[in-house]
Amino acid sequence: MALWGGRFSQGTADTVFALSRSVHFDWRLAPYDLRSSLAHLSVLESSGLLEKSDAAAIKAALKELASEVESGAFTANADDEDVHSALERGLNEKLGVIGGALRAGRSRNDQVTTDLRLFSIDHMLEIARQLTLLQIALLEKAEEYVNDSAPGFTHIQHAQPVSFGHELAKHAHAFARDLDRINDWLSRTSVSSLGAGALAGSSLPLDPKTTANDLGFSSVFANSIDAVSDRDYVAEALFIFSLVGVHLSRIGEEWSLWASTEFAWAKVSDSYSTGSSIMPQKKNPDMAELARGKSGRLIGNLVSVLTMLKALPFAYNRDLQEDKEPLFDSVDTLLLVLPAITGMIATTDFDREKMSLAAPMGYSLATEIADYLVLKKIPFAQAHEAAGKCVALCEKDGRGLHQLSDSELASVHPALDAGVRAVLTVDGALNSRTTHGGTAPDLVAAQISLALKINSGTMATITSAQAHFSEMMSA
Ligand code: ARG
């Protein structure tokens, strides 16, 4: 059913209808559209624009339609252009002409962005919940390995030994920043656009603040022209999703490396691995690879929306219809990836012995020699040079740093004595890294328990926001 046509003398060409049509993807806005219609109805009623009896009939029909949409008894048909026209048809089928009364003072332009804000908030809260669950999996796994050493890397080369718990926990901190960004995003997105009309507001006595409140928004638009054309919240959500995707891709990359025969640190559980159709021995970390690969489409969706918004003039333009599919796709992608990666992390076991044997390899304790000399008041540049010479000596015959003789040490630097061997152990190196945020296992344990504490506060906030949202939706 078309919502326009009075001024047209010819019907729409099939190709135009096909290009125009959005109901095959915007149908998922139906519950939010129905809810915002209820809010609009209530201001039409309280401002005296609708008879009480008509308002009551429309309200009952909207509620009935909502349950039919939920059960699937009412769906869009081939002639419906978008979710708004499909639902108005549904209303008219129940009510006859009075169904059309609801359109007073409202345009699809303010309606669609109100629906999309509600959709975004609803799904962002679920993504936030999944992120906190992912953080828990990372932090609990990190707790298991706090006292296990492993080589820490820079440039994928052994750098300095670290607590493996420290290495795992780092990812949870990246997601904590994403959760912060979500919180920030919510404050800018929880702004109602309903009442902006097509662009200029309305001559009818509507009350956008009341509708905003009814729909659980924190505030209302300040400029009606901006309200119908602003999709910053979509672009910003897509940026957050892209960054989450990038963070997931870094986990995916590490897990894939760790599960390789070359590393052989990680044993990914069978339930989170896949096989090969031709090589019977294969067990592949496909979930990790998909986490890495899906970041591409998340970034693509962001670029797609930013490009669509660029140079868009004035108020509403039909280009804006292109905001939905990228947003829906990113939401769906993350809601698939996040629980799978959480499960993969929670069920992976690591080979403690292999990691700790590897920890001192590659002369990763060379910094200890330099620091030892610095404590003896040797300027760091000289200390660094001396430690480098020790590595060069050892490399000649494949010895470890702790195997240099007293005279070899003295030949490298007069201040280098047998005492240095005491610091040339992985445990010594780990336990001495006690500066803020460092890798000393006691510190790592404290970092993790603080992060878990912050996480449970975040989880409580999200749970209550989700409860408020569903209460608003079912009003
Ligand atoms: N389906 C449109 C969208 O998603 C909303 C309708 C506004 N259409 C219009 N011709 N003003 O943006």
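Suppose we keep only residues that are surrounded by fewer than 21 Cβ atoms within 10 Å (Cβ to Cβ) and not hydroxyl-bearing (Ser, Thr, Tyr) within segment 339-349. Which one would you say is farthest from the ligand (Cβ to nearest atom)? Once the filter is applied, the top-ranked residue is Asp349. Applying the criterion of being small (Gly, Ala, Ser), in a helix (DSSP H, G or I) and within 22 Å of Ser20 (Cβ to Cβ) to the residues of segment 74-98, the residue that is farthest from the ligand (Cβ to nearest atom) is Gly90.
Set side by side, the residues Ala446, Ala451, Ala387, Ala410 differ, and just one is of a type in the set (A, V, I, L, M, F, W, C), farther than 14 Å from Gly362 by Cα and in contact with a helix residue (DSSP H, G or I) (Cβ under 6 Å, 6 or more places away or on another chain), which is Ala451. Entry remark, segment 58-95: residues being of a type in the set (Gly, Ala, Ser), touching a residue at least 60 places away in the same chain (Cβ under 8 Å) and buried (at least 22 other Cβ atoms within 10 Å of the Cβ) number 1 in total. Of the residues in segment 1-60, how many are among the small types (Gly, Ala, Ser), more than 15 Å from the ligand (Cβ to nearest atom) and part of a helix (DSSP H, G or I)? Residues in segment 1-60 being among the small types (Gly, Ala, Ser), more than 15 Å from the ligand (Cβ to nearest atom) and part of a helix (DSSP H, G or I): 8 in total. Sub-7 Å Cβ pairs linking a first residue in segment 17-34 that is modelled with pLDDT of 95 or more and of a type in the set (D, E, K, R) to a second residue that is in a helix (DSSP H, G or I) and within 13 Å of the ligand (Cβ to nearest atom), at least 6 apart or interchain, are Asp26/Val83; Asp26/Lys324; Arg28/Phe328; Asp33/Val83; Asp33/His84; Asp33/Leu87; Asp33/Gln111; Asp33/Asp115, ordered by first then second residue.
Restricting attention to segment 99-114, the residues that are outside any loop (DSSP other than H, G, I, E, B), more than 12 Å from the ligand (Cβ to nearest atom) and over 16 Å from Glu64 (Cα atoms) total 3.
Where in segment 206-278 are the helices (runs of 4 or more DSSP H), entirely inside, with at least 1 residues that are touching a residue at least 60 places away in the same chain (Cβ under 8 Å) and within 22 Å of the chain's Cα centre (by Cα)?
Details: elements: 208-214, 224-229, 232-259.
Counting at least 1 such residues, we get 232-259.
Scanning segment 159-205 for residues that are assigned to a helix (DSSP H, G or I), touching a residue at least 40 places away in the same chain (Cβ under 8 Å) and in contact with a strand residue (DSSP E or B) (Cβ under 7 Å, 6 or more places away or on another chain) turns up just one, Phe164.
Take the conditions (1) closer than 28 Å to Ala227 by Cα; (2) surrounded by fewer than 15 Cβ atoms within 10 Å (Cβ to Cβ); (3) charged (D, E, K, R); (4) within 16 Å of the ligand (Cβ to nearest atom); Arg117 misses just one of them, which is (2).
With Ala422, Ala446, Ala429 as the choices, which residue is among the aliphatic types (A, V, I, L, M), under 30 Å from Leu139 (Cβ atoms) and exposed (fewer than 14 other Cβ atoms within 10 Å of the Cβ)? It would help to see each step written out before you state the result.
On the way: Ala422 fails: under 30 Å from Leu139 (Cβ atoms); Ala429 fails: exposed (fewer than 14 other Cβ atoms within 10 Å of the Cβ).
Going through Ala422, Ala446, Ala429 in turn, the sole match is Ala446.
Considering (1) within 36 Å of the chain's Cα centre (by Cα); (2) within 16 Å of the ligand (Cβ to nearest atom); (3) assigned to a helix (DSSP H, G or I); (4) more than 27 Å from Thr189 (Cβ to Cβ), the lone condition that Glu68 does not fulfil carries the number (2).
Of the candidates Leu327, Leu320, Leu357, Leu312, the single residue that is within 16 Å of the ligand (Cβ to nearest atom) and either surrounded by fewer than 15 Cβ atoms within 10 Å (Cβ to Cβ) or modelled with pLDDT under 95 (or both) is Leu312. A residue that is within 16 Å of the ligand (Cβ to nearest atom), surrounded by 13 or more Cβ atoms within 10 Å (Cβ to Cβ) and over 14 Å from the mean Cα position of the chain (by Cα) cannot be found anywhere in segment 280-287.
The values are calculated or read from the model by the stated rules, or taken from the named source; none is laboratory data. What you see is a predicted model; the values in this text were computed from it and never measured. Heads up, the Cβs are rebuilt from the backbone with ideal geometry, glycines too, and the neighbour counts pull from every protein chain shown.
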